[in-house]
Structures are given as structure tokens and as C-alpha cells.
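The values are calculated or read from the model by the stated rules, or taken from the named source; none is laboratory data. All figures in this text were calculated on a predicted structure; none of them were measured in a lab. Note that we place each Cβ from the backbone using ideal geometry, even for glycine, and neighbour counts take in every protein chain shown.
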Amino acid sequence: MGNTFKTTLLLTLLTLLLVAAGGRIAGEGGLILGFTIAVAMNFFTYFYSDKLALRMYRAQPATREELPRVYQVVEQMTQRLGLPMPKIYVIPSPSPNAFATGRNPKHASVAVTQGILQLLTDEELAGVLAHELGHVQNRDILTSSIAATLAGAITMIARMGYWAALFGGFGGRNGRDRNSGLSGLFMLIVAPIAAMLIQLAVSRSREYEADATGARTTGNPYALASALEKLETYSKRLPMTASPASAHLFIIAPLLGSGGIANLFSTHPPTAKRIERLIGRASVSGAAE
């Protein structure tokens, strides 16, 4: 399934979702309102979903003087890949991670955490940044950003339904309790739907493809494998809690919570499998996982 088709499908689903929710809440007038909101959200999602993702994690624009290592590597990698220079951002988090976002290579951004800059060697950092530029070259960054926005919209609508049912129960306490129970059931149904949409749009193969692009671009698959192993270990020691709707953006899956519904949103293949594809064994040290 091509990324263009996925993007169109996601925007269509967002429209249908908002129209249906408007009609359910406010009848015919709600249908019109839902469609109007859908048009506005589709415009926002296409042009600004990347900015929303960056703002969600408090990413700040970084200058060449602030991040000379990153700029040097990205300039080298973009020349090799034939890509425009993306905007560079830094996330104020000690947890090591990174992601790329944007609607196309001309409007791409790469964000790195402070933790990843302190953890990785130059060769490992080059592998990670080449991986992120792989997402840009493979043109899956728009699909990923829109999927995050769509899942967030579904969650928002589910919460609206919860509160509408809670305060719409005018039949006394028993009525409110029943509505609250039904709303909780509604959330249990809607959250897996949001997770399913993300998993359909953001396949695990995108990480394998970006890994392959990163290794090919640097010519050093071992460095990327070493980086992945370090990121897997240290991100658990210094977890960065992320929204399930946008966790798929990161190179290593951040913390989603302790099981339950959060596990449904997992879109990353096992790190050991990624390392094995890069260097032929499940860990850099060669020890069994």
C-alpha cells in the first residue's frame, strides 16, 4: 500500500469520523458542523501535523552553533541521499531518542533528544540520523504524522462522547452510572480502533526500510546496530513517556504505559530483530537475547 494512498485513506477516515460524530451528537446540524470541522482539520493535518508533533514533545529549533555534530552529519547524509537540508530540532529530554517528521522532503524536520547526543558516538549518531533521513527519503513521514493526528482526534472524540454521556444522563444517579459505564465501554472499543488505524498506516516494515537506508548511506551497519542496542537499554533506564498516538514516530519505542490498551499501539519491531537484519545476529556483543 503506497504512502500516498495511505495518506488519502487517513484523511478520508478523519472526515467520515467527524461527520458521523457530529451527526450522532447534534443531528443534521451536527453533520454540517462535523463536515466543516473535518475540512479544517484535513487542512491542518496535512500542513501542520509535523508542527503539532514537534510541539507535543517541546522540540526547539537548534542552530549550527548549538548542535554542530548533528548539522555536520545531516549535511553529509543529505548530500549522499540527494535530499534538501531538513530543519533541526532538539527535545529537552535526557531519554535518548529521535524522530523525523514533515509532509515531504522539502518540508522535513529531524528532532533529537539531549540524551541521545550525550549517549552516542559520532559514528552511532550518524547511523541514527541516516535512519531518520531514510524515513524522509522513503516519504513515510507525512503518513506517520497524519496517523498520529488521526489517532489523537479519535481519542478526543471518544472523550467528548464520555463527557456527553456523563452529563447527559438526566435520569438521576442510576442514569449517570449507566451512561458512565456505557462511555467506559465506548472508550474500550474506540481506543483499539485508533490503534488498529495506526498499525495499518504505519507498518513495522518502515523501520526495517529506514534501518537499511541508514546502513547503506553510512556504509556502517554495525554503528547503527550499536546505536539501536544502546538506545534500547538507556531509554528503559531513562524512559520518556509518549502519547500512544505519536510513539511510532520515534526510532525506539518510548514508554507507553504499563500494558493494557497502550500495548495495542506498538508499531516498532523488536530491536533485536532490527539488529539481526543489520549485522546477522541479535546483539552487537553477539550474546543471545
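Observations on the structure shown:
- Considering the conditions (1) surrounded by fewer than 20 Cβ atoms within 10 Å (Cβ to Cβ); (2) at pLDDT 70 or above; (3) β-branched (V, I, T), T271 is excluded by exactly one of them, (1).
- Residue in segment 250-261 that is under 20 Å from V136 (Cβ atoms), at pLDDT 75 or above, in a helix (DSSP H, G or I) and of a type in the set (A, V, I, L, M, F, W, C) present: no
- Residues (part of a loop (DSSP other than H, G, I, E, B), surrounded by 14 or more Cβ atoms within 10 Å (Cβ to Cβ) and not hydrophobic (A, V, I, L, M, F, W, C)) located in segment 45-97: Y57, P86, S93, P94, S95, P96, N97
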